[in-house]
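Everything on this sheet refers to the single structure shown next.
All of the numbers you see were taken from the coordinates with simple rules; none came from a lab. Source: prediction; values computed, not measured. All Cβ positions, even for glycine, are placed from backbone atoms using ideal geometry, and neighbour counts span all protein chains on display.
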2 protein chains.
Amino acid sequence: MGVIEKTRAAPAVTTLPLGEILRDDCVAAMARLPDASVDMIFADPPYNLQLGGDLFRPEGGRVAAVDDHWDKFDSFAAYDAFTRAWLAEARRILKPNGTIWVIGSYHNIFRVGAAIQDQGYWILNDIVWRKANPMPNFRGTRFTNAHETLIWAAKGEKSRYTFNYRAMKSLNDELQMRSDWVLPICGGQERVKTGGVKAHPTQKPEALIYRILLACTKRGDVVLDPFFGTGTTGAVAKRLGRQWIGIEREPAYCKVAERRIADALPLDESATSTMQSPRTAPKVAFGTLVETGMLVPGTRLVDAKRRWSAEVRADGSLLSDDVSGSIHQVGAKLQGAPSCNGWTFWHLEGSAGLTPIDSLRQTYILATEP
Amino acid sequence: MGVIEKTRAAPAVTTLPLGEILRDDCVAAMARLPDASVDMIFADPPYNLQLGGDLFRPEGGRVAAVDDHWDKFDSFAAYDAFTRAWLAEARRILKPNGTIWVIGSYHNIFRVGAAIQDQGYWILNDIVWRKANPMPNFRGTRFTNAHETLIWAAKGEKSRYTFNYRAMKSLNDELQMRSDWVLPICGGQERVKTGGVKAHPTQKPEALIYRILLACTKRGDVVLDPFFGTGTTGAVAKRLGRQWIGIEREPAYCKVAERRIADALPLDESATSTMQSPRTAPKVAFGTLVETGMLVPGTRLVDAKRRWSAEVRADGSLLSDDVSGSIHQVGAKLQGAPSCNGWTFWHLEGSAGLTPIDSLRQTYILATEP
DNA sequence: GTGACGAGTGAATCCTTCA
DNA sequence: TTGAAGGATTCACTCGTCA
């Protein structure tokens, strides 16, 4: 393994540079690869974030922005031209039955997806990576941006692409793998650092690439990553016994990636390593019962002894005289207690007596779980 | 309420047809509405399910199903023309601070999103509706398509859009509402049926629209749905005390929607009131709590860890050793922080422990609400 | 060793009003 | 229009320190 230096008018290769990082612009590097030669392309292109000024956390710290030069584009048109150029080269070097994966956020994914469709790729799924631990929205101005989107597409409509259905089902407790994946973001030991600071602002978790390679490639397949960064794709490919090719323009990232992949262990030796396991999905909120109509706003709830009552409001809060808040908060405040489990404290008055609202939650879970 | 019949060369309206279903093509109907007149648009357009027969050209002609590459581009172009036409009219009739919501799947959402950005809308979030009970992938050839995507966008980058942050937080058990929403699909009693069969193939769950209207509109706001279908938007708007306008071309759907909305029951005002953000709540100065006697001058306040304390003075300022000023200023200065939210920083010492002074403000707001 | 506690951080298009 | 001042705002997780 090594880094292939960018050269003036480099000739097209005759044998694939397997296990190499091509240090060059991604379009130029792909242009030197032969037609129909790779099985999968995983691409994590710049998102074109268009961030404004600084953003501060409530406690005063400043949020580290992605302000790198490689994420700056003059206009949507410029971003589109860039996107269509690399997608076209990617499609040329993809085998007829190969597939492409691209990850993005709402800043860029719609433009990428439209370009993919326009170029004749055939979208197979869009996958949502639901982040178990996203950064909050500090100013309370929008919904927490808690996911990213991946597009999985074949080279064409008639492609006989690889999908390891059984592997995915077994990875998911014998249930079909769905289009929404809950995975933690990349941090802790896995996050590559140089001199104590993160080596790359947008490093992806290995678990994400792991699932993709496991689902859509066979052992020995060639995986190309035209935006290699710190080499996550290479490290996972090596672990899973897949061949890989990386393309990365920044020498600093190349260096980091090279060392990282050299350290990566192939599967049988790393089987016991600490791959992050998926986290459990968020639990049922009281408000969901209101939204879904199981509880109508205006309904009165009472405690088991009928000492207190409160009214359900449209946003799932309770109102009792001059106290309002969550089912837990209002229960605690009325009792003068430091805390309260609202699920067991509050009850519905029915013909057969009182029912704790927790039983509604159980009903909801039973009705909606697979 | 009633259905407005499509008429030849219908004149532009001077007053908004609130609570009406306009039976017409959506672009033609919107063209008759005045500029900057609606607060929100919710749109559930045709998904362009890869030439399945639901795609119509802007002029009404049906797109022939072909799989030639160029013709495929041609059909995408037709879908784009249709999309851009209705999005442009929608933007014209949207108020400057209004927002639009569009729902779609991977078949169409990338084209819709790109068009939204191209027309100058400003995307605020993409939201993933994660279906609690999706249809499985019967042939095991792809991931179970278990979600749909919504785009929330303001009319422009500088828009001062409505976002009821506190209501969303309340609905989600006092955690910020995230961009991934878990909700069941529409079925059971809620699914509208005519003669035992479902009246519409893609009826959306009321809970989805409920969350959208609660999050991004105020009571009395005007919500337009240009693809009204069975009138889910109208039914939820009526329930939540929002005004609505529907546009639907198919007479059968109009009829179903009309009856459905007539049956919907509005919630009374107290039930639709929600947790207020300090930003939107009537502003309460700290001094007001002192003036009204809720806080007596001389009271000592402490932070959550009891590291600092300060005394309330008659004019609503705080005094702590040699530092005095507003609750925010003193909190910031004591911590050496650039800023501080005094409402959550300062607490009252009570028999049951510490209470943030923000809860006093909540009590005051509830007691003085009209 | 072990648990409590505090500090740090992650692809973020992140304020409003009034002079 | 612009700048200054007021004031509202965070979740899950990791790691290091200290009792």
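Among A:Pro58, A:Pro205, A:Pro184, which one shows the biggest mean-square fluctuation in a GNM of chain A, springs joining Cα atoms closer than 10 Å?
Checking each option, the largest mean-square fluctuation is seen for A:Pro58.
Would you list A:Cys26, B:Cys186 from fewest to most Cβ contacts within 10 Å?
Details: A:Cys26 23, B:Cys186 19.
Ascending number of Cβ neighbours within 10 Å: B:Cys186, A:Cys26.
With viscosity set to 1.567 mPa s and temperature to 4 °C, compute the Stokes-Einstein D of the protein assembly as shown, Rh being the Kirkwood radius across alpha carbon pairs; µm²/s, no decimals.
Working: Rh = 28.4 Å.
In µm²/s, the coefficient is 46.
Along each principal axis of its Cα atoms, how long is the stretch B:220-346 end to end? Whole angstroms, biggest number first, please.
74, 31, 22
Straight distance only, please: which lysines reach the Cα of A:Lys158 with their own Cα at less than 17 Å, same-chain residues fewer than 8 apart left out?
A:Lys95, B:Lys72
So what is the calculated 222 nm ellipticity per residue for chain B, using -39500 (n - 2.57) for each DSSP H run with n of 4 or more, over all residues, to the nearest 500 deg cm²/dmol?
For chain B, the value works out to -9000 deg cm²/dmol.
Report the semi-axes of the equivalent ellipsoid for the stretch A:57-201 in whole Å, largest first, where each axis is √(5λ) for an eigenvalue λ of the Cα gyration tensor.
Values: eigenvalues 178, 104, 47 Å².
Gyration-tensor ellipsoid for the stretch A:57-201: 30, 23, 15 Å.
Among the GluC sites (Glu not before Pro) within the stretch A:150-190, which fall in a DSSP loop and have no more than 14 other Cβ atoms within 10 Å of their own Cβ? Mind dumping the intermediate values first?
Working: sites: A:Glu157, A:Glu174, A:Glu190; in loops: A:Glu157, A:Glu174.
Answer in residue order: A:Glu157, A:Glu174.
Just want to confirm a number: the relative contact order over chain A, from Cα pairs under 8 angstrom separated by 6+ residues, in percent.
Numbers: 640 pairs, mean separation 53.9, N = 370.
This gives 15 percent for chain A.
Taking a label point 7 Å from Cα toward Cβ, how far is B:Gly187 from its twins in the other copies, in nm, shortest first?
B:Gly187 label point versus its equivalents elsewhere: 3.7 nm.
Which of B:Gly113, B:Gly293, B:Gly316 ends up with the largest GNM mean-square fluctuation for chain B, with Cα atoms connected below 10 Å?
B:Gly293
How about A:Lys255: which lysines have a C-alpha closer than 21 Å to its C-alpha, ignoring those fewer than 8 places off in the same chain?
A:Lys6, A:Lys193, A:Lys198, A:Lys204, A:Lys238
Using Cβ counts within 10 Å as a stand-in for footprinting exposure, how do B:Lys158, B:Lys198 rank, fewest first?
Values: B:Lys158 9, B:Lys198 14.
Result, fewest neighbours first: B:Lys158, B:Lys198.
What is the ratio of the Cα radius of gyration of the stretch A:137-223 to 2.2 N^0.38 Å, where N is its residue count, to two decimals? Please report the intermediate quantities before stating the final value.
On the way: Rg = 16.7 Å, N = 87, 2.2 N^0.38 = 12.0 Å.
Dividing the Cα radius of gyration by 2.2 N^0.38 Å gives 1.39.
Hey, if you drop one equal point scatterer on each alpha-carbon of chain B and run the Debye formula without solvent, what base-10 log of I(q)/I(0) do you get at q = 0.10 Å⁻¹?
For chain B, the Cα-only Debye profile gives -0.74.
What value does the stretch A:331-370 have for Rg/Rh, both radii from Cα atoms and Rh as Kirkwood defines it? Please list the in-between numbers first.
Values: Rg = 12.7 Å, Rh = 11.5 Å.
Answer for the stretch A:331-370: 1.11.
What's the average, rounded to a whole number, of partner chain beta-carbon atoms within 10 Å of each residue's beta-carbon in B:198-211? Walk me through the intermediate numbers first.
On the way: counts 0, 0, 0, 0, 0, 0, 0, 3, 3, 8, 2, 1, 7, 5.
Partner-chain Cβ atoms within 10 Å, mean over residues of B:198-211: 2.
Check the straight Cα-Cα distances from A:Lys169 and name the lysines below 19 Å, setting aside those fewer than 8 residues away within the same chain.
Cross-link targets: A:Lys218, B:Lys131.
Could you put B:Ile127, B:Ile365 in order, starting from the residue whose Cβ has the fewest other Cβ atoms within 10 Å? Kindly include the intermediate steps, with their values, before the conclusion.
On the way: B:Ile127 27, B:Ile365 17.
Fewest-to-most Cβ neighbours within 10 Å comes out as B:Ile365, B:Ile127.
Can you tell me the Rg and the Dmax, both Å, for the Cα atoms in the stretch A:17-70?
According to the Cα coordinates of the stretch A:17-70, Rg and Dmax are 18.0, 54 Å.
Between B:Ser270, B:Ser309, B:Ser351, where does the largest GNM mean-square fluctuation fall for chain B, given springs only between Cα atoms within less than 10 Å?
Judging by the Gaussian network model, the answer is B:Ser351.
Looking only at other chains, what is the average number of their beta-carbon atoms within 10 angstrom of each beta-carbon in A:129-140? Don't jump to the answer; show the numbers that get you there.
Numbers: counts 2, 7, 3, 0, 0, 4, 0, 3, 7, 1, 2, 9.
Counting Cβ atoms of other protein chains within 10 Å of each residue's Cβ and averaging gives 3.
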